[in-house]
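These notes concern the structure reproduced below.
The values are calculated or read from the model by the stated rules, or taken from the named source; none is laboratory data. Here the structure is a predicted model, which means the values were calculated and not measured. When we count neighbours, we look across all protein chains shown, and the Cβ atoms used for this are built from the backbone with ideal geometry, even at glycine.
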Protein chains: 2
Amino acid sequence: MSNYTELSTLGEFGLIDHLTKTIRLQNPSTLKGIGDDAAVLDYGNKKILVSTDMLIQGIHFDLTYTPLKHLGYKSVAVNASDIYAMNGIPKQITLSLAVSNHFSVEGLEEFYAGLYLACEKYGIDLVGGDTTSSKTGMCISITVLGEADEQDIVYRNTAKENQLICVSGDLGAAYMGLQLLEREKLVFQGDENAQPDFAGYEYILERQLKPEARKDIVQQFKEKNILPTAMIDISDGLASEIMHICKDSGIGCNIYEEKIPIDYQTFKMAEELNMNATVCALSGGEDYELLFTAPLEHYDLLTAMPGISVIGHTCKASEGCYMTTRDGNTFELKAQGWQNFSSTTAAGESENKKAKEDR
Amino acid sequence: MSNYTELSTLGEFGLIDHLTKTIRLQNPSTLKGIGDDAAVLDYGNKKILVSTDMLIQGIHFDLTYTPLKHLGYKSVAVNASDIYAMNGIPKQITLSLAVSNHFSVEGLEEFYAGLYLACEKYGIDLVGGDTTSSKTGMCISITVLGEADEQDIVYRNTAKENQLICVSGDLGAAYMGLQLLEREKLVFQGDENAQPDFAGYEYILERQLKPEARKDIVQQFKEKNILPTAMIDISDGLASEIMHICKDSGIGCNIYEEKIPIDYQTFKMAEELNMNATVCALSGGEDYELLFTAPLEHYDLLTAMPGISVIGHTCKASEGCYMTTRDGNTFELKAQGWQNFSSTTAAGESENKKAKEDR
């Protein structure tokens, strides 16, 4: 190697594009490779969806305040979310796990207990894995396989102009939960007798420590015969994900700040920390809600669905990607992306992110 | 957690059994979960094989002497090997990769170049992944998907008494290559001007740094219409793998030391290091050769196949698992397994091992 280019030069998405741009698919059974929430494989009647996620201690979780049972649960939920984001049903996972010998059997039991609980909840089988020792921290890698009929699969590059933009649940809470945990950790480090004070913030903590994948939304789509035109799960913040759909679909968008669903506890925590709750929703990450587009004629159906908010509409690519603020101004959306490889991190941006080759 | 049991208490296999014994499979499409080289899924005409492997810096590889291109190649090969060990054909992989920002773009390019080279060689598509930063070392997790017709899949628990035991290639070379690399690393650390001396040992180095999966053997099985009765790939040493087949199939075995295929360079290196080459073949690991059983009537067919050695035969479980040495003594086989979690490591045993839930 004669050259040395720092990883930060290319940035998150540039790096992955750079490394994967030469891929040439060889197998007819590979319908879709890198470039969405999951790959799509063709092995018969049902199509197979595959996605993978890696969680690294010190980057994605902090064992100071993350119970291992919650971590096991979350590891499955975030993977299941990628399959739901394709409008599919997760069916199997494999788990690769590296731990140092500082871990106890009981600790791993807790981790597996959470993992099994999530498997039970989402109807997933753990079908294989690899357990190894690590010289340093814990490393969790899960691959999830799911299924869907071909006509039901929803990609992220198929949104059209003049369609509704919708999200499930509420946004920014997981990020605020993380900020609260980090604050209480600092308090704790300053005074060992201090007890963390989480009263009134149970919801945002749960959103951070034990997120759920939106199986219920995908089920409702099926029951109500709704097929989104494009869909993605919100792991890196609303702005980043909406930009993915727009860029991949060749369209623009206009969303309305006042329509973005944000929980009361998220607002309250943001106020306490002098942060802007909308910024947290746009850039916070780890919400694992579904962002999707749908034809205008589904408006009544969608607004009648519990937990769905219509937050804007798509438009021509030439009109750009904008948010109309509460005071009527417009503001161009920017995907913050993931800055772990950068030397500086923008204020208010979660450290707790990762790049996915599935964007 | 009120209790604290050290991981070493249960040992490698005990730990995994302990953590996975309660698994209840939920999906009809899951034909086979944990317990073989790969899981078997049913999604239509072909069956799907899934396997996963994690490689951790400092445990499975040492970047002091491992070129990143070789590492990328090896990461794919060891996963492909698990699918060949089921008599299947690998088709897709997902890659999760964690690297610190000490890595350069050129370094990752080298890694991917090796990965793509192996994908090309084995006809595999990279269909997804996750790239993240790491605070410490490099962590590679690959999941491989393969296919096979149901009647062609070879498990490890289906060997019968009075059958042939065969291996492909030769054994112990990868372990000797590792010992050589470790020795030259020490020399180098002692004197910075010293150049490592690998002359005459190119083969064992290549077996360690750039192993191949035995695609050719599986192809030959198909061409010659041979269906092994049980099969496993040799990642943890011959003794450990033969014990897996015997235990899972409820049989015993007798193998002959003089029949175990060992390369001249392996013998030479072992002699230089005052080690026993047979012990290296039995317990060294990372050979990625195929160990299989076959009916006695295939003897002529198998001995005529290039690169296949018949090393013994199966017998009743009550007769145990033995090796007949060159001098005519018998010696009970012991699976050394993986001792990374133990506080002490047996002399002559590779540090370079991992536990797989697929045993």
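One line per residue, one yes/no per condition, for (1) buried (at least 24 other Cβ atoms within 10 Å of the Cβ); (2) in a strand (DSSP E or B); (3) among the hydrophobic types (A, V, I, L, M, F, W, C); (4) modelled with pLDDT of 90 or more:
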{"residue": "A:Leu145", "(1), (2), (3), (4)": "yes, yes, yes, yes"}
{"residue": "A:Asn157", "(1), (2), (3), (4)": "no, no, no, yes"}
{"residue": "A:Tyr175", "(1), (2), (3), (4)": "yes, no, no, yes"}
{"residue": "A:Lys185", "(1), (2), (3), (4)": "no, no, no, no"}
{"residue": "A:Asn193", "(1), (2), (3), (4)": "no, no, no, no"}
{"residue": "A:Glu212", "(1), (2), (3), (4)": "no, no, no, yes"}
Within region B:214-230, tally of residues that are closer than 16 Å to B:Pro90 by Cα and surrounded by 19 or more Cβ atoms within 10 Å (Cβ to Cβ): 4
Selection count where residues are surrounded by fewer than 13 Cβ atoms within 10 Å (Cβ to Cβ) and touching a residue at least 60 places away in the same chain (Cβ under 8 Å), scope region B:292-309: 1
A:Leu55, sole failed condition from (1) at pLDDT 70 or above; (2) of a type in the set (A, V, I, L, M, F, W, C); (3) in a loop (DSSP other than H, G, I, E, B): (3)
Hits in region A:75-89 - residues which are touching a strand residue (DSSP E or B) at 6+ places or on another chain (Cβ under 8 Å) and either part of a strand (DSSP E or B) or aliphatic (A, V, I, L, M) (or both): A:Val76, A:Val78, A:Ala80, A:Ile83, A:Ala85, A:Met86, A:Ile89
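Run down B:Lys316, B:Lys268, B:Lys356 and say which single residue is modelled with pLDDT of 95 or more, basic (Lys, Arg) and touching a strand residue (DSSP E or B) at 6+ places or on another chain (Cβ under 8 Å). I'd like the intermediate steps shown before the answer.
Details: B:Lys268 fails: touching a strand residue (DSSP E or B) at 6+ places or on another chain (Cβ under 8 Å); B:Lys356 fails: modelled with pLDDT of 95 or more.
Within the list B:Lys316, B:Lys268, B:Lys356, the selection yields B:Lys316.
Working carefully through the options B:Ala118, B:Ala85, find the one that is outside the structural domain of B:Ala230 (by the TED database), under 24 Å from the mean Cα position of the chain (by Cα) and either more than 30 Å from B:Ile255 (Cβ to Cβ) or at pLDDT below 90 (or both).
Working: B:Ala85 fails: either more than 30 Å from B:Ile255 (Cβ to Cβ) or at pLDDT below 90 (or both).
Just a single option satisfies the conditions, and that option is B:Ala118.
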The lone exception for B:Gly137 - which of (1) assigned by the TED database to the domain that holds B:Ser100; (2) in a strand (DSSP E or B); (3) in contact (Cβ under 8 Å) with a residue 40 or more places away in the chain; (4) not basic (Lys, Arg) it fails: (2)
Count - residues of region A:96-115 that are assigned to a helix (DSSP H, G or I) and either more than 7 Å from chain B (Cβ to nearest Cβ) or not hydroxyl-bearing (Ser, Thr, Tyr) (or both): 10
Single match in A:Asn193, A:Asn274 (criterion: within 30 Å of B:Thr132 (Cβ to Cβ) and over 20 Å from the mean Cα position of the chain (by Cα)): A:Asn274
Lone unmet requirement of (1) within 8 Å of another protein chain (Cβ to nearest Cβ); (2) assigned to a strand (DSSP E or B); (3) of a type outside the set (Gly, Ala, Ser) for B:Ile93: (1)
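For the structure I just gave you, tell me whether A:Lys47 is at the interface with another protein chain (Cβ under 9 Å from one of its Cβ atoms) and in contact (Cβ under 8 Å) with a residue 60 or more places away in the chain.
On the way: at the interface with another protein chain (Cβ under 9 Å from one of its Cβ atoms): yes; in contact (Cβ under 8 Å) with a residue 60 or more places away in the chain: yes.
The answer is yes for A:Lys47.
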Which numbered condition A:Ser342 fails, given (1) in contact with a Lys or Arg (Cβ under 9 Å, 6 or more places away or on another chain); (2) among the hydroxyl-bearing types (Ser, Thr, Tyr); (3) at pLDDT below 90: (1)
Selection count, region A:58-74, where residues are within 12 Å of chain B (Cβ to nearest Cβ) and part of a helix (DSSP H, G or I): 3
Conditions (1) outside any helix (DSSP H, G or I); (2) surrounded by fewer than 21 Cβ atoms within 10 Å (Cβ to Cβ); (3) of a type outside the set (Lys, Arg); number of the one not met by B:Val127: (2)
Test result for B:Asp233, assigned to a helix (DSSP H, G or I) and either touching a helix residue (DSSP H, G or I) at 6+ places or on another chain (Cβ under 6 Å) or not aliphatic (A, V, I, L, M) (or both): no
Every pair of residues 6+ apart whose Cβ atoms lie under 8 Å, when the first sits in region A:240-252 and is touching a residue at least 24 places away in the same chain (Cβ under 8 Å) and buried (at least 22 other Cβ atoms within 10 Å of the Cβ) while the second is charged (D, E, K, R) and in a strand (DSSP E or B): A:Glu241/A:Asp233; A:Ile251/A:Lys316
